[in-house]
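The values are calculated or read from the model by the stated rules, or taken from the named source; none is laboratory data. Remember, predicted model here, so these are calculated numbers, not experimental data. Heads up, the Cβs are rebuilt from the backbone with ideal geometry, glycines too, and the neighbour counts pull from every protein chain shown. Just the protein is used for accessible areas: all its heavy atoms, side chains included, with ligands, DNA and RNA removed. Shrake-Rupley method; radii C 1.70, N 1.55, O 1.52, S 1.80 Å.
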Amino acid sequence: MSSSCIIGWGHTPFGKLDAVDAEQLIRDAVQPALDSAGLQAQDIDGVFVGHYNGGFMPQDFTGALVAMAVPGLRHVPAVRLENACATGSAAIWAAMDAVESGRVRHALVVGFEVMNAVPGAKIAETLLRCSYVKEEAANPAGFAGVFGTIAATYFERFGDQSDALAAIAAKNHANGVKNPLAHMHRDLGFDFCRNPSDKNPFVAGPLKRSDCSLVSDGAAALVISKAPVAGARVPAVRWKSRTQVNEYLPLSRRDPTRFEGAAMAWHKGLDAAGVSLLDLSFVETHDCFTVAELLEYEAMGLAPHGQGARVILDGVTRIDGPLPVNPSGGLKSRGHPIGATGVSQHVMAAMQLTGEAGDMQLPNARLGAVFNMGGAAVANYLSVLERAA
């Protein structure tokens, strides 16, 4: 068992925010995290910032930006981490390493991204750098094209999966309606997600607009300590295990229809936690595209390779199913501000496990998992979490 706890958290609304200021975003996530932990800025011994950037905003060196947002952190050591769409989890892992080594008593993790300050073409170009540029940078559909290739290959091998992808999208949008922090609060329904239209055109291969996560701005924060602290306003959440497994970057070096690194992370993480998949109350997983969630069902072990569709079509991962997946709405509805995503997923899990999830709350949520990945299942992070007391 890992000896780290989440003792506080904060989370801004995600969305397309007009004239958003990065420092204000950071402040709006950090202060609630400190308050819920019952701590002051001077109690923090290390700041770990997850920020992909890659050209979304002109300010780099954003580890130092947190002190501009929260002056009480002026002299606290700070560092920025980046690992594509798993940037937030990379920052969490670094904070946990510092806490578990004894070097840091209380660590602050901040994940944020401002994506909508640049034109759409620049967003697509920036995201495509999370692929293997030597081979994949010329894809005219951007990063959606990478996953469109994955989906097309899967369809060719295992048949048309459009019903399953539409069911995943509809599930996550229905869940997101209950999340006040989500980018989109609209239940699109299966028919809209299943059928191409002017409002839901094909984007890349068999993927439609409704199969793609949202381009979002936002921030999330966690306070991590070795043990629960007196005075915290929320119950602590403890890691039972944490796992990272990497994979080849180019799709040409692996089977694009299998997330083998993700499957290894799930196997190792569940084994280290001493639990089985169906011991979990819920999963927050990385549905950057609906086909990603489909392949993640197989990586989890919910279905054999090529049979992931039956998981959603049989209702296994719906909110009232045996293993709800993305009760927060996932990236598909909650949004996907790259650097914030992994931190956001952990905030959503902590809220569930402590009974603080409001309208999203699942009954008797005792054990949860978070899967966050960078690139096309290249950097694979898995947390197994439980309430500390």
**Item:** Residue list for the stretch 115-129, filter: hydrophobic (A, V, I, L, M, F, W, C), surrounded by fewer than 24 Cβ atoms within 10 Å (Cβ to Cβ) and touching a residue at least 40 places away in the same chain (Cβ under 8 Å)
**Value:** ALA117, VAL118, ILE123
**Request:** Only residues that are open to solvent by 10 Å² or more (accessible area, probe 1.4 Å), in a loop (DSSP other than H, G, I, E, B) and closer than 21 Å to GLN244 by Cβ: list them for the stretch 278-307, please.
**Result:** GLY301
**Request:** Return the total of residues in the stretch 116-136 being within 25 Å of ASN246 (Cβ to Cβ), of a type in the set (A, V, I, L, M, F, W, C) and not in a helix (DSSP H, G or I).
**Result:** 1
**Request:** Filter the stretch 248-305 for residues that are hydroxyl-bearing (Ser, Thr, Tyr) and either under 19 Å from CYS85 (Cα atoms) or free of Cβ contacts under 8 Å to residues at least 60 places away in the same chain (or both) and give the result.
**Result:** TYR248, SER276, THR285, THR290, TYR297
**Request:** Looking at (1) within 29 Å of ASN175 (Cα to Cα); (2) of a type outside the set (Phe, Trp, Tyr); (3) open to solvent by 20 Å² or more (accessible area, probe 1.4 Å), find the lone condition where PRO228 falls short.
**Result:** (1)
**Message:** I need the full set of residues from the stretch 10-27 which are open to solvent by 20 Å² or more (accessible area, probe 1.4 Å), closer than 19 Å to VAL76 by Cα and in contact (Cβ under 8 Å) with a residue 60 or more places away in the chain, in order please.
**Reply:** none
**Prompt:** How many of the residues making up the stretch 28-45 are assigned to a helix (DSSP H, G or I) and either open to solvent by 40 Å² or more (accessible area, probe 1.4 Å) or among the charged types (D, E, K, R) (or both)?
**Reply:** 6
**Prompt:** Out of (1) open to solvent by less than 10 Å² (accessible area, probe 1.4 Å); (2) assigned to a helix (DSSP H, G or I), what's the single condition that is false for MET351?
**Reply:** (1)
**Item:** Enumeration of residues in the stretch 86-109 that are open to solvent by less than 10 Å² (accessible area, probe 1.4 Å) and either out of contact with any helix residue (DSSP H, G or I) (no Cβ under 9 Å at 6 or more places or on another chain) or assigned to a strand (DSSP E or B) (or both)
**Value:** ALA95, MET96, ALA98, VAL99, ALA107, LEU108, VAL109
**Request:** Kindly establish whether ALA98 is in contact (Cβ under 8 Å) with a residue 24 or more places away in the chain and within 15 Å of SER344 (Cβ to Cβ).
**Result:** no
**Which listed residue is without any contact (Cβ under 8 Å) to a residue 60 or more places away in the chain and either open to solvent by less than 40 Å² (accessible area, probe 1.4 Å) or in a loop (DSSP other than H, G, I, E, B) (or both), from PHE48, PHE61, PHE112, PHE56** = PHE61
**Request:** Check ALA182 against each of (1) more than 19 Å from ASP287 (Cα to Cα); (2) part of a loop (DSSP other than H, G, I, E, B) and name the one condition it does not meet.
**Result:** (1)
**Request:** Answer with yes or no whether GLY358 is surrounded by fewer than 24 Cβ atoms within 10 Å (Cβ to Cβ) and under 22 Å from GLY15 (Cα atoms).
**Result:** yes
**Fill in**
Exactly one of VAL223, VAL203, VAL234 is closer than 30 Å to ALA22 by Cβ, assigned to a loop (DSSP other than H, G, I, E, B) and at pLDDT 95 or above, and that residue is VAL234
**Request:** With respect to GLY218, determine if the residue is closer than 22 Å to GLY342 by Cα and modelled with pLDDT of 95 or more.
**Result:** yes
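Going by the structure shown, is ALA67 aliphatic (A, V, I, L, M), under 17 Å from ALA220 (Cβ atoms) and either open to solvent by 10 Å² or more (accessible area, probe 1.4 Å) or modelled with pLDDT of 95 or more (or both)?
no
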**Request:** Taking the options VAL316, VAL275, name whichever one is part of a loop (DSSP other than H, G, I, E, B), over 20 Å from the mean Cα position of the chain (by Cα) and closer than 18 Å to ALA349 by Cβ.
**Result:** VAL275
**Item:** the stretch 182-199: number of residues that are crowded, with 23+ Cβ neighbours inside 10 Å and either in contact (Cβ under 8 Å) with a residue 40 or more places away in the chain or under 28 Å from ALA219 (Cβ atoms) (or both)
**Value:** 2
**Prompt:** In this structure, does ALA265 turn out to be over 18 Å from the mean Cα position of the chain (by Cα) and either over 27 Å from CYS130 (Cβ atoms) or crowded, with 21+ Cβ neighbours inside 10 Å (or both)?
**Reply:** no
**Prompt:** Restricted to the stretch 237-254, and to residues that are open to solvent by 40 Å² or more (accessible area, probe 1.4 Å) and assigned to a loop (DSSP other than H, G, I, E, B), which residue is nearest to GLU298 (Cα to Cα)?
**Reply:** GLU247
